[in-house]
1. I'd like the accessible area for residue 98, computed on protein heavy atoms only with a 1.4 Å probe and all protein chains in place. Round to 10 Å², please.
2. I want to verify a result. In a Gaussian network model of the chain, Cα cutoff 10 Å, which of these has the top mean-square fluctuation: 55, 34, 221?
3. Wrap a convex hull around the Cα atoms of the stretch 83-171, take a quarter of its surface area, and give that in square nanometres.
4. Take every Cα-Cα pair in the stretch 143-241 and report what % of them are more than 19 Å apart.
5. Go from 0 up to the bin containing the longest alpha carbon distance in the stretch 25-67, width 10 Å each, and give me the % of pairs per bin.
6. How large is the dipole of the chain about the Cα centre if only Lys and Arg carry +1 and Asp and Glu carry -1, each at its Cβ, rounded to the nearest 20 debye?
7. Roll a 1.4 Å probe over the protein chains and send me the accessible area per residue for the stretch 1-103 in Å².
8. May I ask for the Kirkwood hydrodynamic radius of the stretch 168-310, worked out over all distinct Cα pairs and given in angstroms to one decimal?
Amino acid sequence: MELKRVLVVDPVDGEYIANIRISGNKIESIAKTGGDFSSIAMPGFVDTHSHGAVGINCMTMNTRDLERWEEFAVTHGVTSLLPTTVSAEAKEMKRVADLVSDYVTERPRTAVRGVHFEGPYINPKKKGAQNPSVIRPATVEELRSVLSDIVMLITMAPEIEGFLEVLPEIAKREITISIGHTDATYHQIKKAYENGCKRMTHFPNGMNTLHHREIGCVGSGFLLPMKLEMIADGIHTAPEFVEMIHKIRGSEAIILVTDSLDATGLNDGTYDLGGLRVEVNGSKATLEDGTLAGSTLTMDRASRNFREWTGCSLQELSRVSSYNALQSLGISNRGRLKEGSIADIVMLNRDLAVEETILAGLSVYRAR
């Protein structure tokens, strides 16, 4: 496969016009050409926080459901996806992990990379749309029963009982911990950071706010060099807040995610999230008490929003939509457009609409 006269956008090397030759599942060569370009080629989008889409719920899905979910994701340029659980009993967490593990094992080419456990080891005071009946302390015994090679990311609150005790168990498995659904102080978050926790979940949602006598979670996100997940839908975060984070922390710090629900891609209505009733009206998903409950965002829309709100370069956009997330997970052979990298590419028009998605060297979606 060869992509001719495209605007190559790489998070490290920048932007230039070139021909990209793909052999097998990798980029074989990139030859600069100059001149005008036909399309924009960027690393495929990475969504590390998604609970479902098109009627499919991570907690209740079967193999065919996950297949349909992946088919939907690639139409929006996603080449790496982490199905994300909500707080649940250990057996439910393990069921999801086992299903995803089998799915990935059976498919040599898939956008599904692993699982994100969002909870249940969080602070009930900041539960958001998580079911309080299953939120609990972390124990080494339980983590040994639910963790496996397919688990890549866990959202936890650093102030909960058992947090520091379980860190070594998680670290030895090379699983990334993201701080979220938390009421922690700055010093608690700093201690977690010093113990290897370098990421925050859907910043600044589900955490305490900034105060001049205790900068808390939001202040920690400004002050500490952590990666910050952000839901750029204009509902969870105002455009001006996204712009502010970009100006203060820069594109190196931000990871765009969708936090999407099963309602994504469907009409308004009533849906389920971990046993809780969710109402979707317009683009807004809430519990009955008005609490925000995930989104109906897609990664291509999040990327367009981020570009519009911040005025970032395309190189910066490739960092926040792909490269930073992969680096946070320790994945080094994806997220770049360079020789030898896995050919995960999203082709975009000048308005950043998805024209084609290439997954490990194979075209898996093309817009009509």
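The values are calculated or read from the model by the stated rules, or taken from the named source; none is laboratory data. Everything quoted here is computed from the prediction, not taken from an experiment. Methodologically, a virtual Cβ is constructed for each residue, glycine included, from the backbone with ideal geometry; neighbour enumeration extends over all protein chains shown. Surface areas here come from the heavy atoms of the whole protein model, side chains and all, with no ligands, DNA or RNA. Shrake-Rupley method; radii C 1.70, N 1.55, O 1.52, S 1.80 Å.
1. The accessible area comes out at roughly 70 Å².
2. In this elastic network of the chain, the residue with the biggest mean-square fluctuation among 55, 34, 221 is 34.
3. Over every viewing direction, the Cα hull of the stretch 83-171 projects on average to 5.8 nm².
4. I get 41 percent for the Cα pairs in the stretch 143-241 exceeding 19 Å.
5. 18, 30, 21, 22, 10, 0
6. Magnitude of the dipole: close to 660 debye.
7. In whole numbers, the stretch 1-103 has 36 Å² accessible per residue.
8. About 16.2 Å for the stretch 168-310.
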